[in-house]
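To start, the structure under review is shown below, and the notes come after it.
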């Protein structure tokens, strides 16, 4: 069953060593999204990448990096994503933030029989 609502996918590209108030920035972003009751967030750790400085970050054994690429993906309706943007503007000092429309085919947890609408909607 398709969820009829238009959703938004937000991606935050940062480094593993980025911090906010002494804690990993990726963790702080996910906790803020959860606090704001957004539909979902996932942290993906890359093993190779580069950003604005063109410096390679790699997980190769001979070139261990303590600053591997991190992507935080957050999905919800545009209005709720928009509420998170001031927090990201404050906390992401270096990185890239992208946003795109997303078609959500299913949004449910293990106990659901049918797809559910976005949080706060029926």
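The values are calculated or read from the model by the stated rules, or taken from the named source; none is laboratory data. On a predicted model such as this, the values are computed, not experimentally measured, just so you know. In this analysis, Cβ positions are derived from the backbone assuming ideal geometry, glycine residues included, and neighbour counts consider all displayed protein chains.
When the strands (runs of 3 or more DSSP E) confined to the stretch 1-120 are screened for residues that are surrounded by 12 or more Cβ atoms within 10 Å (Cβ to Cβ), within 11 Å of the chain's Cα centre (by Cα) and at pLDDT 90 or above, those reaching at least 3 such residues are found at 7-15, 40-45, 69-76.
From the list 44, 14, 29, the one residue that fits, being touching a strand residue (DSSP E or B) at 6+ places or on another chain (Cβ under 8 Å) and under 15 Å from residue 83 (Cβ atoms), is 29.
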